[in-house]
1. Where in the stretch B:279-333 are the helices (runs of 4 or more DSSP H), entirely inside, with at least 2 residues that are of a type in the set (S, T, Y)?
2. Can you work out which of the residues in the stretch B:305-318 that are touching a Ser or Thr at 6+ places or on another chain (Cβ under 6 Å) and in contact (Cβ under 8 Å) with a residue 60 or more places away in the chain is surrounded by the fewest Cβ atoms within 10 Å (Cβ to Cβ)?
3. Wholly within the stretch A:141-252, which helices (runs of 4 or more DSSP H) include no fewer than the required count, namely at least 3 residues that are within 24 Å of A:G289 (Cα to Cα)?
4. Could you check the stretch B:21-33 and list, in sequence order, the residues that are hydroxyl-bearing (S, T, Y) and within 8 Å of chain A (Cβ to nearest Cβ)?
5. Out of the stretch A:190-205, which residues are of a type outside the set (G, A, S) and in contact (Cβ under 8 Å) with a residue 40 or more places away in the chain?
6. Got a sec? Which of B:V133, B:V141 is assigned to a helix (DSSP H, G or I) and either surrounded by fewer than 14 Cβ atoms within 10 Å (Cβ to Cβ) or modelled with pLDDT under 80 (or both)?
7. Among B:S94, B:S108, which is the only one that is hydroxyl-bearing (S, T, Y) and in contact with a Leu (Cβ under 7 Å, 6 or more places away or on another chain)?
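The values are calculated or read from the model by the stated rules, or taken from the named source; none is laboratory data. Everything numeric in this text was worked out from a predicted model, so none of it was measured. For neighbour counting, all protein chains shown are included, and Cβ atoms are generated from backbone atoms with ideal geometry for every residue, glycine included.
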Amino acid sequence: MTTPSEPVLLAEEENTAADMTSVSRGRLVLRRFFRRRMAVLGLFIVVLLVFLAFVGPHLTQWSYTEFDVNNVYSQPSSSHWFGTNDLGQDMFARTMRGLQKSIFIGLIGAVISTGVAGVLGAIAGYFGRAADRAVVVLIDLLLILPSFLIIAVTSPLFVGKTWLIFVVLLAAFQWMLTARVVRGLTQSLKEREFVSAARFMGVPARKIIARHILPNMASFLIIDATVNVSSLILAEVALSYFGFGIRPPDVSLGSLIGQYANNADTYPWLFWIPSTVLVVLVLAVNLVGDGLRDALDPNSVIS
Amino acid sequence: MVRFLIRRIVYLVILVAVATTLAYLLAGTQLNPRLRFEGRNPPPSEASITATLDELNMNPDTPVLQRYAKWVNGVFHGDLGETILGQSVNQQISTRIWVSLRLVLIGSIIGAIVGCAIGAYGAVKQYRLSDHVATILSFVVLSIPTVVLCKLVQLLGTSINSATGETANGSQIFYTVGEYSPGQGSWTSFSDVVDRLQHGVLPTLVLVIAAAAFYSRYQRSSMLDVLGQDFLRTAQAKGLTRTRALIKHGLRTALIPLTTFFSYNLALLFIGSTFVEIIFSWHGMGEYLVTSITTQDINSTAATTLFVAVLVLLAGFLSDIAYAALDPRVRVS
């Protein structure tokens, strides 16, 4: 395996030459990104929420597992900012903890799913033949298996185990469409001169993939990973609604939303506050993703 | 060409078989139907539970492959087995399909039309206020989990109800639960149809909002691509007004990629409306998919997987056909 910094460097060199300008590609992308107000707003909100998720729990005296038995179902007040639930647990502490977990799920899951998509897609596209066929069958099979079924049926096996298994499961059903695109891109890149040159020089295949193929679709992979963050956070909400996600005593925004969906009318703060936080988070990530797409994709200069 | 098609179909059938087998083996070994009966009050005797499970072909003591062979044999004879309550799975699916179809078809057609209209209009008025508002709104909607969207629409419905004043006998404009009021399930009388409408508006609205947000994004970018093309200028040079050129030549071309999306999503929405069905208590296919697992129902789980697998493949076919039918360039090559 090569270090990740190397391929990125190569990509930058190549693109600056193509751009024929004195500014580096990185700076060009940054400039384009910061020109878009909504994307900057999104980035600002994401940073704010990440900050809040880690600093927030220290701002309140309550921990997310603590019971305040004298204040059950209390409305948002000065001592419980987001109110309390049926057991007297502080909803602010729980929401912050859930936010932390949801951010982790989104980030880790996105890295896994885009990583798997990149590697498997490139292998299928570069080697062709049996490897290609195997990956294509795997993609087709995972696309027709309902992910909900697999995760729901297998989730009892992971009770008491780390929540990271759950993230891996979520990511396992997220990579297929990206892998298809990577496979197609690889097939066309494989015909290009610089790949042939490397091959004739005797560079081993896995180095060609890591240094020449994947860096050339870096923009696509970055955009895909960003979009995956928000879709994984949303997928977690869906599963948690049925009780197959993060398990108590731990919480995620999804498990809070799922747990209190039926209390939305009677104890509105229990449902609507975590929901609002989640929507703001996903929206901000989506705005960043959209801004990145415009900044990284050269075709976006139509405007 | 024929050989290619046959090979393709054989491949797809094998995929469906593998997926269904995996689902059956997974469900057959991981689900525990016994739990379902032990929880009853008064609890039935051990022997009677075993007898019932044997009857249903769900006894965990029978080797899973033997149970699977029996189930597959039934499937080849057109029988998907029995649910955990002893009902016929075929019966369940055939009634539930129509429930989902009513909900999904209306919701996604209206949603697609609204979404395409918004997207096309936004592209024509790019960077105007209306475009910005539509873009931001669709971004917000796409960031809302379906659960929350359903609850929002329910809230809207109940607040309209209370604003218009619910009368003492409980009559209201919108219902948030069920497909029809108890005892009013028919299609024959006028009042029953109205009752169904009162129940149907809110869940359909959820689907419309979600679909419109989705399609408006794609339609906008597809339309933007078309707007820069030469044939639009040619059409105007021929003497068409801008609006006519945009609608007759621009919109039509921009709709082609959307149609593949639409036909693909339409088939998938059978199961995609799971949340809407569960939150609004409609007994459709999406709900079945989830309840079959939560009720430890092995046969139903495998049957719904088979249904979904066939659906996904049909959706792929449907979108290919739609694409070929609409785009002459595909047909010629």
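1. B:285-294, B:298-326
2. That would be B:L306.
3. In the stretch A:141-252, A:164-172, A:176-189, A:218-241 are the helices (runs of 4 or more DSSP H) which contain 3 or more residues that are within 24 Å of A:G289 (Cα to Cα).
4. Residues satisfying the conditions do not exist here.
5. Listed by number, the list holds a single entry, A:K190.
6. Testing whether each residue is assigned to a helix (DSSP H, G or I) and either surrounded by fewer than 14 Cβ atoms within 10 Å (Cβ to Cβ) or modelled with pLDDT under 80 (or both) leaves just B:V133.
7. Within the list B:S94, B:S108, the selection yields B:S108.
Okay, residues lined up against (1) touching a residue at least 24 places away in the same chain (Cβ under 8 Å); (2) basic (K, R); (3) within 11 Å of chain B (Cβ to nearest Cβ):
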{"site": "A:S230", "(1), (2), (3)": "yes, no, yes"}
{"site": "A:A235", "(1), (2), (3)": "yes, no, yes"}
{"site": "A:A238", "(1), (2), (3)": "yes, no, yes"}
{"site": "A:F242", "(1), (2), (3)": "yes, no, yes"}
{"site": "A:I246", "(1), (2), (3)": "yes, no, no"}
{"site": "A:P249", "(1), (2), (3)": "yes, no, no"}
{"site": "A:G254", "(1), (2), (3)": "yes, no, yes"}
{"site": "A:N263", "(1), (2), (3)": "no, no, yes"}
{"site": "A:V279", "(1), (2), (3)": "no, no, yes"}
